[in-house]
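Just below is one structure, and these are the notes that go with it.
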Amino acid sequence: MFDGLVRNANLPDGRKGVDIGIRDGRIAAIEMALPGEAATVIEARGQLVSPPFVDPHFHMDATLSLGLPRMNRSGTLLEGIALWGELKPILTVEAMVERALRYCDLAVSRGLLFIRSHVDVSDPTLRTAEAMIEVRRRVKPYIDLQLVAFPQDGYLRSPGAVDLLARSLDMGLDIVGGIPHFERTMADGAASVEALCRIAADRGLPVDMHCDETDDPLSRHIETLAAETVRFGLQGRVAGSHLTSMHSMDNYYVSKLIALIAEAGIDVIANPLINITLQGRHDTYPKRRGMTRVPELLAAGVNVAFGHDCVMDPWYALGSGDMLEVASMAAHVAPMTSREGLRSVFDAVTVNAAKAMRLDGYGLHVGAEADLVLLQARDPIEAVRLKANRLAVLKGGRLVASAEPRLSTLRLDGRPERIDEAAYAPAAEA
């Protein structure tokens with residue numbers, strides 16, 4: 001009756017003990033005690049089955065390049081950009097492809113099957129675009145990779161960037177990117193937003209713009225992006241990434257700004273791990289966290305997703321491709337530690353991120369792609385708390401990664417010999 005069955009699964013929406021039937025790579029049924037057999041049966045045993053994790057903001061051309069050509073001593077965004085500038089002349093397509101493929105291996109093991117990567121198109125050789133297009137081709141069977149044409153050195157500031165961005169889109173990059181706060185003046189930043197939105201409208205492409213990644217409360221390019229989104233009829237096709245300046249803005253202005261973002265239908269993509277380490281570097285005490293105003297944006301009906309941004313590169317020396325680590329950091333720094341808040345941060349790395357990437361066929365419903373992750377946790381809150389182990393990862397119903405349950409052996413008189421960390425529930429749920 002089915003090609004595959006997942007039995008006795010808990011789902012993120014609260015349904016418990018359901019079976020998921022898979023046929024022809026799609027979810028064919030979600031019911032209690034589905035009848036029939038299948039060639040492949042996965043016993044969930046009351047643990048959480050989720051749609052895959054989604055990273056809507058990453059830099060795959062730089063990943064795993066930590067230490068090349070040297071380390072970022074200050075830990076700042078600007079030194080990271082300078083380091084990347086030193087590295088670009090010695091990059092090779094082969095090395096970038098090899099590092100990216102290794103990262104994608106890691107991503108699959110973490111249940112991360114959808115990634116949007118910003119590709120620096122400031123170098124005249126466009127080696128980065130060539131490499132990432134090759135990576136996209138090679139990982140297509142197991143990762144959906146979207147590529148953003150990103151003028152890292154500034155669309156108007158960097159010589160030749162206007163032509164390079166157009167050429168990279170002609171090569172096959174998917175999305176128009178930008179970095180208005182890195183232009184020489186606020187006026188140039190606003191002009192770049194207008195020009196890039198016009199390109200997206202003319203080409204029928206989405207926009208995903210690094211916007212106001214700064215502690216400067218007067219960096220307000222997201223306001224311009226909202227206005228240009230409406231002007232060019234791009235509602236539902238635009239993402240503003242980072243928006244860290246909102247952390248430092250006065251509350252009155254933000255009350256106006258959030259309403260503009262909501263009106264324009266802009267997706268907001270915060271990057272908790274990076275935002276709290278790169279921002280506030282010039283502060284003594286108190287030190288600003290830097291992450292944008294996630295709870296307030298969500299309350300206004302804005303779709304908010306979280307990205308990993310970097311893993312072991314000139315900007316960030318840590319990271320493991322684990323979107324639950326990203327969600328956990330957001331819960332701490334937002335802070336969003338209520339039960340509702342914790343469920344929201346799980347959504348921000350799954351369904352909200354899928355919406356930001358406009359993924360078709362994503363989710364847990366009949367007819368959706370059978371892309372599933374079995375987690376060693378009973379519900380989304382426990383998954384975030386434990387950064388839960390991925391027991392099985394399915395792409396189109398095919399098992400692409402698996403892991404043994406994480407158990408510990410104790411040698412304590414009168415206590416259990418083996419414990420599963422996921423079995424330790426709070427008193428209210430025990």
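The values are calculated or read from the model by the stated rules, or taken from the named source; none is laboratory data. All of these numbers come straight from a predicted model, not from anything done at the bench. Methodologically, a virtual Cβ is constructed for each residue, glycine included, from the backbone with ideal geometry; neighbour enumeration extends over all protein chains shown.
What pairs can you find where one residue is in segment 335-364 and surrounded by 22 or more Cβ atoms within 10 Å (Cβ to Cβ), the other is at pLDDT below 95, and their Cβ atoms are less than 9 Å apart, with a gap of 6+ or different chains?
none
Among Gly75, Gly80, which is among the small types (Gly, Ala, Ser) and in a helix (DSSP H, G or I)?
Gly80 is the lone residue from the list that is among the small types (Gly, Ala, Ser) and in a helix (DSSP H, G or I).
Read through the list (1) surrounded by fewer than 20 Cβ atoms within 10 Å (Cβ to Cβ); (2) in contact with a Lys or Arg (Cβ under 8 Å, 6 or more places away or on another chain); (3) within 23 Å of Asp120 (Cα to Cα); (4) not hydrophobic (A, V, I, L, M, F, W, C), then give the number of the only condition that Asp208 fails.
(1)
Is there a residue being surrounded by fewer than 23 Cβ atoms within 10 Å (Cβ to Cβ) and at pLDDT 95 or above anywhere in segment 52-65?
The answer is yes; a qualifying residue exists.
With the requirement that a residue be surrounded by fewer than 21 Cβ atoms within 10 Å (Cβ to Cβ) and within 30 Å of Tyr362 (Cβ to Cβ), what does segment 163-177 give you?
Correct list: Leu169, Asp170, Met171, Gly172, Asp174.
May I ask you to list pairs of residues, at least six apart or on different chains, whose Cβ atoms are under 7 Å apart, with the first in segment 126-139 being within 13 Å of Ile115 (Cβ to Cβ) and the second being hydroxyl-bearing (Ser, Thr, Tyr)?
As it stands, the answer is Met132/Ser117, since those pairs meet every condition given.
Examine segment 152-162 for a residue that is surrounded by 18 or more Cβ atoms within 10 Å (Cβ to Cβ) and part of a helix (DSSP H, G or I), and state whether such a residue exists.
Yes.
Would you please name the residue that is surrounded by the most Cβ atoms within 10 Å (Cβ to Cβ), looking only at residues in segment 284-314 that are of a type in the set (A, V, I, L, M, F, W, C) and farther than 14 Å from His242 by Cα?
So, considering only residues that are of a type in the set (A, V, I, L, M, F, W, C) and farther than 14 Å from His242 by Cα, the one surrounded by the most Cβ atoms within 10 Å (Cβ to Cβ) is Val311.
Being in a helix (DSSP H, G or I), touching a helix residue (DSSP H, G or I) at 6+ places or on another chain (Cβ under 8 Å) and buried (at least 23 other Cβ atoms within 10 Å of the Cβ) is the requirement here; does Val135 meet it?
So Val135 passes the test.
Could you grab me the full set of residues in segment 265-282 that are in contact with a Leu (Cβ under 8 Å, 6 or more places away or on another chain) and part of a helix (DSSP H, G or I)?
Leu273, Leu278
Mind checking which strands (runs of 3 or more DSSP E) fall wholly inside segment 348-430 and carry at least 3 residues that are farther than 20 Å from Phe306 by Cβ and touching a Pro at 6+ places or on another chain (Cβ under 9 Å)? If you could, list the steps in order and put the result at the bottom.
Values: elements: 372-375, 390-395, 398-402.
It comes to 390-395.
Show the residue pairs that are 6+ apart or on different chains and have beta-carbon atoms under 7 Å apart, the first residue being within segment 56-70 and in a loop (DSSP other than H, G, I, E, B), the second being of a type in the set (Ser, Thr, Tyr).
Short answer, once both residue conditions are applied: His59/Ser117; Met60/Tyr103; Met60/Ser117; Asp61/Thr128; Thr63/Tyr103; Leu64/Tyr103.
Return yes when Ala149 is of a type in the set (A, V, I, L, M, F, W, C), modelled with pLDDT of 95 or more and assigned to a helix (DSSP H, G or I) and no when it is not.
Numbers: of a type in the set (A, V, I, L, M, F, W, C): yes; modelled with pLDDT of 95 or more: yes; assigned to a helix (DSSP H, G or I): no.
In short, no.
Yes or no: segment 316-328 includes at least one residue that is at positive phi, in contact (Cβ under 8 Å) with a residue 12 or more places away in the chain, surrounded by fewer than 18 Cβ atoms within 10 Å (Cβ to Cβ) and not in a helix (DSSP H, G or I). Break it down stepwise before answering.
Taking segment 316-328 as the starting set, the residues that turn out to be at positive phi are 319, 321.
Adding the requirement that they be in contact (Cβ under 8 Å) with a residue 12 or more places away in the chain leaves 319, 321.
Within this subset, residues satisfying the condition of being surrounded by fewer than 18 Cβ atoms within 10 Å (Cβ to Cβ) are none.
No.
Kindly check whether there is at least one residue in segment 291-305 that is β-branched (Val, Ile, Thr) and farther than 24 Å from Leu257 by Cβ. Walk me through it before giving the result.
To start, the set of residues in segment 291-305 that are β-branched (Val, Ile, Thr) comprises 292, 294, 302, 304.
Filter once more, so that each one left must be farther than 24 Å from Leu257 by Cβ: none.
No, segment 291-305 contains no residue that is β-branched (Val, Ile, Thr) and farther than 24 Å from Leu257 by Cβ.
Within segment 28-53, how many residues are in a strand (DSSP E or B) and over 26 Å from Phe346 (Cβ atoms)?
The total comes to 4.
Show me the strands (runs of 3 or more DSSP E) found entirely inside segment 172-253 where at least 1 residues are in contact with a Pro (Cβ under 6 Å, 6 or more places away or on another chain).
175-178
What's the number of the condition Ser402 fails, among (1) assigned by TED's automatic domain parsing to the domain that holds Val148; (2) under 25 Å from Gly25 (Cα atoms); (3) among the polar types (S, T, N, Q)?
Result: Ser402 passes all but (1).
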